[in-house]
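Let me begin by presenting the structure, written as structure tokens, before commenting on it.
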Amino acid sequence: MNYIEGFRDPAVAAHYRDSLARLGAELAHGGKDACFMEVCGSHTMAIARFGIRGFLPSGVRLVSGPGCPVCVTDPGYVDAAISLAEAGRIIVTFGDMMRVPGSRSTLAQARAMGYAIESVYSSATAMELARTHPDQEVVFLAVGFETTVAPVVAMLDGAIRQRIGNLSLLTAFKRVPPVLDALLVDPGIRIDGFLCPAHVSAIIGADAYRPYAATHGVACVVSGFEPLDILQGVEGLLQQRVAGRAFVDNQYNRVVRPGGNPQALGLMERYLEPVEVSWRGLGVIPASGFKLRSHLADYDACIRFGIDIPSGRPNPRCLCGEVLKGKIMPSECGLFGVACTPEKPLGPCMVSSEGSCAAEYRFASLKRRDE
Amino acid sequence: MCLAVPMQIVAIRDDELGTVELDGVRHEVSLMLIDGPQTGDYVLIHAGYAIERLDTHEADERLKLFRHLAALHQQETGQPARLVAPSRMGRESET
């Protein structure tokens, strides 16, 4: 039993196609339309890969929000990481940061120049590198939403308990709830429902979305990343919209608990505090990041090496900010697929495979083939 | 970035480390974010750590619902299912 294949059964998808069509007709009959937003890069990828938008009835839009943590990381962060590598530190990063453009170059280009930049699958590898290279400084690029924050903090906890003193974090952690708040108060953005992320919610819990339903009247469904999860999630959002109701529904209850993962939340509370951070394309959002608490200054690369993360200069013609807010679809940007491609990305949404533009670029050819 | 794969715990070395398996592929992972992990549990693996347990009862219930919906759909339409949606249902502006 692998708990993946059963959630991809085409026979069940056919049911949801018809159900969505019926709900779409009801919605239109009531003179309404709907705009839903998914706020997780893994949803963005799955929606493009499995052609979910092809299942949506007319009058129902599903837009991508700022769900890719790599995409919303400021270019100045990459510059700071490269300057640490140039100063002789060992840089350890998840692979998806390697091709993100900084102001001068990418981490991949810096690595080609001979600097020590290691791409890893597990944050635990950073701790191993520090343990086996006690005479060198190891800096882990701590980028990610709550899903990734939890394992990185768990790794830090292990390093502290093992008294590893040559490891530090360059943090660019992001928190999902504050950015949802920021999107909802932007008068230029209309959102009737959130397709809430699967694994961020595994950490923070489904109850975290209650204020959006209760205060803002926005429908919320926590959904898994498999195609049937997403179809059932969209069906749930559409049912709420048709009925004129807004509440938090947990479609992914095989993993997500109302209060989240207490072990993970306890570690995060012990080591981290919320901080105002800048999101590429969205600007500064209060309490939307995490930094290490002050008693952990030794593990904070910025304090340890006395550096500031400079504000980088994004490409002025890049419309990623509008894409990240769901105001335009990727193909509405003049650079999309012409000057900006996955091979040579100009904007952050084209860099990571989970960026809205990269997902649209990669799977648009599949859509053309099907039609 | 936030993908996590459901894998089954096949061995636990100490409180924190274990071996997980999916379709014959095995990985060493940290179990420190899971409360009381047991051999046989399914856990979601992200960045080398199990981030949450998968509740197999809830998963099986949902799969049962899915099979029921598929059977109903076949009864109603008398047609084999196709995953690809008809293009008239797609939003033309996006294609």
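The values are calculated or read from the model by the stated rules, or taken from the named source; none is laboratory data. Note that the coordinates shown come from a computational prediction; the quantities given were computed from them, not determined experimentally. Every residue, glycine among them, receives a Cβ derived from its backbone with ideal geometry; neighbour counts consider all protein chains shown. Calculation scope for accessible area: heavy atoms of the full protein, side chains included, ligands and nucleic acids excluded. Shrake-Rupley method; radii C 1.70, N 1.55, O 1.52, S 1.80 Å.
Between chain B and chain A, the total buried accessible area stands at approximately 5000 Å², from heavy atoms with a 1.4 Å probe. Modelled spin labels at residue A:215 and residue A:49, positioned 7 Å past Cα toward Cβ, are 3.4 nm from each other. Overall, the accessible surface of chain A at a probe of 1.4 angstrom is composed of carbon and sulfur to the extent of 50 percent.
Please list the equivalent ellipsoid semi-axes of the protein assembly as shown, computed as the square roots of five times the alpha-carbon gyration tensor eigenvalues, in descending order and whole angstrom.
Values: eigenvalues 265, 140, 80 Å².
Values for the protein assembly as shown, descending: 36, 26, 20 Å.
Cross-link partners for residue A:291 among the aspartates and glutamates, with Cα-Cα distance under 18 Å and sequence neighbours closer than 8 places in the same chain left out: A:74, A:146, A:157, A:269, A:273, A:276, A:300, A:308. Taking packing as the residue-averaged number of other Cβ atoms within 10 angstrom, the listed peptides A:157-163, B:26-32 run from highest to lowest as B:26-32, A:157-163.
The slack between residue A:189 and residue A:315, meaning 0.36 nm per residue of separation minus the straight C-alpha distance, is 43.0 nm. Among rounded, prolate and oblate, which fits segment A:236-319 when a ≥ b ≥ c are the square roots of the eigenvalues of its C-alpha gyration tensor, a/c under 1.5 means rounded, and a/b larger than b/c means prolate? Cα axes put segment A:236-319 in the oblate bin. Do any residues of segment A:157-203 lose at least 30 Å² of accessible area when the full set of protein chains is present rather than just their chain alone, and if so which, with a 1.4 Å probe? The answer is A:161, A:199.
Here is how the number arises for chain A: DSSP H runs of 4 or more residues each give -39500 (n - 2.57), the sum is divided by the residue count, and the result at 222 nm is -11500 deg cm²/dmol.
May I ask you to compute the full-extension gain from residue A:245 to residue A:269, defined as 0.36 nm times their residue separation minus their alpha-carbon distance, rounded to one decimal in nm? Length gained between residue A:245 and residue A:269: 5.3 nm. Centre-to-centre, using Cα atoms only, segment A:265-301 and segment A:181-203 are separated by 20 Å. In this label model, residue B:38 and residue A:136 are separated by 4.4 nm, measuring between points 7 Å along each Cα→Cβ vector. On segment B:5-80, 47 percent of the accessible area sits on carbon and sulfur atoms, based on a 1.4 Å probe. Think of a 1.4 Å ball rolled over the protein heavy atoms: the protein assembly as shown then has 41 Å² of accessible area per residue.
Rounded to the nearest 0.05, what FRET efficiency is calculated for residue A:298 and residue A:344 with R0 set to 51 Å and r the Cβ-Cβ distance? Each step should come with its number before you reach the end.
Details: r = 40 Å, r/R0 = 0.78.
Given R0 = 51 Å and the Cβ-Cβ separation, E is 0.80.
Please work out the Cα center distance from segment A:61-111 to segment A:15-55, rounded to the nearest Å. Each part's Cα centre sits 33 Å from the other's. Compared with its chain on its own, segment A:7-41 contains the following residues whose accessible area drops by 20 Å² or more in the full protein assembly (probe 1.4 Å; ligands, DNA and RNA excluded): A:7, A:10, A:11, A:12, A:14, A:15, A:16, A:17, A:18.
Note on A:50-57: average number of Cβ atoms from other chains within 10 Å of each residue's Cβ is 4.
For residue A:327, the lysines whose Cα comes closer than 25 Å to its Cα, not counting residues fewer than 8 places off in the same chain, are A:32, A:174, A:344, A:367.
Would you mind counting up the charge near residue B:45? Only other residues with Cβ under 13 Å from its Cβ, with Lys and Arg at +1 and Asp and Glu at -1.
Values: positive: B:26, B:53; negative: B:21, B:28, B:41, B:52.
Summing Lys/Arg as +1 and Asp/Glu as -1 gives -2.
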